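The values are calculated or read from the model by the stated rules, or taken from the named source; none is laboratory data. Quick caveat, the model's predicted, so the values are computed rather than measured. No Cβ is skipped: glycine too gets one built from the backbone with ideal geometry, and neighbour counts run over all protein chains shown.
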Amino acid sequence: MITRILLSLLAALSTAGAALAAPDLSRMTAGELTVFLRAFPKGGELHNHLGGGTPAEDLIAWAVEDGLCVDPAELAIRLTCASETYRPAAAFVADEAQRSALIDSLTVRHPRFRDRSGHDQFFTAFSRRGQSPGRTGDALAETLNVLAHQNTFYSELMVTPQGAASRGLGARVGWRGDAAATKAALTEAGLEKLVPAVVADTNAMETRAREVMACDTPRAQPGCQVTVRYLFQAIRQGPPEQTMAQLQLGVAVVAADRRWVGLQLVAPEDSPDAVKYYDTHMQIVAELTDKGRNTPVALHAGEVTLAIVAPDDLRDHVTKAVRVAGARRIGHGVGLPAETDAVSVAAEMAARGILVEVNPISNRVILEVEPEDHPFTWFRQNRVPVSLSTDDSGILRSDLSGDYALALKMGATYADLKTSARNAIAFGFLTGEGLWQDPNVYRKPARACAGQIGDAEPRGACADLVAGSDKAREQWRHERLLKAFEAGR
Ligand SMILES: [Zn+2]
């Protein structure tokens, strides 16, 4: 008996010891680091576009199966074969050199492909990545399996459902002088009637994904274990009433369906419409969400440098996303230190818990910001919460572990990686009380769970907390994974 108690005490001590010893990642070889970071539980991913997550090889396979065509001049997959210059995808990719060129065209793997910058190759790739509408479930399955392979089980994916229908309605209604009047006109025109179509699209996508992953069968793939939520992404190009119609539909969908948890605003922040309507877009978001109070908002902002925008457009994008629109999270934020009020905005973000979704590989390719020039360390010094994410792993040919690896070159320590992973759930838009009283610090567990975090099962009041909160449930799972990972080293 005494031996057994001693043994279990020793086991507990060695587990605690392993958990306390922060590994020195700078001493690892490249191979050791790859193994370590893939297995390291990264909590979740808060910035990932479903439309950019699929590897080119899958898009090509689906194009062949679905009888799609390739435009040989643009090296683009097309949904129709209407032009006589288009070739059936199957015939086109039968030639290995052509298949390779098509993969180059759908990704950023070939630097200076067709003499395009990384920025231009990346953003134009979306229009070449043709995919049958029925394949969104296949794309979802691929994304979830990749995340599970990274020992990571929560995702907020950006998706744009019913885009053409909502934008068409926006075009018919037109701009009515300000956001409030346009909102009323869109409601009057029946915008909210598109909500059931979005719910049906979501159901179809998830049903297909679960079928592809063989969920609920003995052959279930790891992606079945990933909890997924969606951010309704609107496109910041075209007339503002069309962007607004998408956002307004997003607000209605978030209210109607718990799988949809917030809004996003996407497309190149430096494009002419995005720059021209930036202030209008911030006012629209503020009007529709009551400055983020009735609907959670994450916004791409500060995905700019002086190389790609005029100085005027580098002064206040993050500032306005935070102070005008009411964003709770900022996508990228690279330009923030150059903004006029950078220091006070960073202090406000730290105080209010507004997180920056940092995308190291994306920033290196699109903005040409090398890790040593990235403001990651400045965010940490200013106590601005950060979480690492991939942005568009299919186009960027990357994965979340690769972004964690690049963060090390930005000065991140193992403790920073742990914080990033925990932040990916704590600052997610899941509802319910969290397991931590001090997100971004993680020293004070929720009172009910003190002394239990990392245990196999929650007990007593903590069990009630976890059972009643989507957020606490994901955090509980992550803490168990983290403890097992650290104990196993
Ligand atoms: Zn993005």
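Residue by residue, here is whether (1) farther than 23 Å from Leu247 by Cβ; (2) within 16 Å of the ligand (Cβ to nearest atom); (3) among the basic types (Lys, Arg) holds:
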{"position": "Glu287", "(1), (2), (3)": "no, no, no"}
{"position": "Leu306", "(1), (2), (3)": "yes, no, no"}
{"position": "Asp316", "(1), (2), (3)": "no, no, no"}
{"position": "Val322", "(1), (2), (3)": "no, no, no"}
{"position": "Ser344", "(1), (2), (3)": "yes, no, no"}
{"position": "Ile354", "(1), (2), (3)": "no, no, no"}
{"position": "Asn363", "(1), (2), (3)": "yes, yes, no"}
{"position": "Glu370", "(1), (2), (3)": "yes, no, no"}
{"position": "Pro375", "(1), (2), (3)": "yes, no, no"}
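Which members of the stretch 367-407 meet the condition of being aromatic (Phe, Trp, Tyr) and under 20 Å from Val108 (Cα atoms)? Listed by number, the list holds a single entry, Tyr404. Would you point out the residue of the stretch 177-201, among those that are surrounded by fewer than 15 Cβ atoms within 10 Å (Cβ to Cβ) and not hydrophobic (A, V, I, L, M, F, W, C), that is nearest to the chain's Cα centre (by Cα)? Looking at the filtered set, the residue picked out is Pro196.
Taking the listed residues Ala346, Ala298, Ala350, the one that is assigned to a helix (DSSP H, G or I) and crowded, with 24+ Cβ neighbours inside 10 Å is Ala346, with no other qualifying. Taken as a whole, the condition of being under 30 Å from Glu211 (Cβ atoms), outside the structural domain of Leu247 (by TED's automatic domain parsing) and outside any helix (DSSP H, G or I) applies to Thr80.
All of (1) outside any helix (DSSP H, G or I); (2) in contact with a helix residue (DSSP H, G or I) (Cβ under 6 Å, 6 or more places away or on another chain); (3) in the same structural domain as Phe376 (by TED's automatic domain parsing) hold for Ala412 with one exception: (2). Of the residues making up the stretch 415-424, not a single one is of a type in the set (S, T, N, Q), assigned by TED's automatic domain parsing to the domain that holds His317, surrounded by fewer than 20 Cβ atoms within 10 Å (Cβ to Cβ) and farther than 19 Å from His149 by Cβ. Screening Gly223, Gly292 for residues that are away from the ligand (no atom under 16 Å from the Cβ), crowded, with 17+ Cβ neighbours inside 10 Å and part of a loop (DSSP other than H, G, I, E, B) leaves exactly one candidate, Gly292. Being modelled with pLDDT of 95 or more, surrounded by fewer than 15 Cβ atoms within 10 Å (Cβ to Cβ), in a helix (DSSP H, G or I) and not assigned by TED's automatic domain parsing to the domain that holds Leu144 holds for only one residue in Arg99, Arg4, Arg38, Arg114, and it is Arg114. Selection of first residues in the stretch 254-277 that are in the same structural domain as Asp201 (by TED's automatic domain parsing) and in a helix (DSSP H, G or I) and of second residues that are among the charged types (D, E, K, R) and within 16 Å of the ligand (Cβ to nearest atom), restricted to Cβ pairs under 7 Å at least 6 apart or on distinct chains, gives the following pairs, ordered by first then second residue: Asp273/Arg236; Ala274/Arg236. Candidates in the stretch 377-399 are the residues that are part of a helix (DSSP H, G or I) and either over 26 Å from Val226 (Cα atoms) or touching a strand residue (DSSP E or B) at 6+ places or on another chain (Cβ under 6 Å) (or both); of these, the one that is farthest from the ligand (Cβ to nearest atom) is Gln381.
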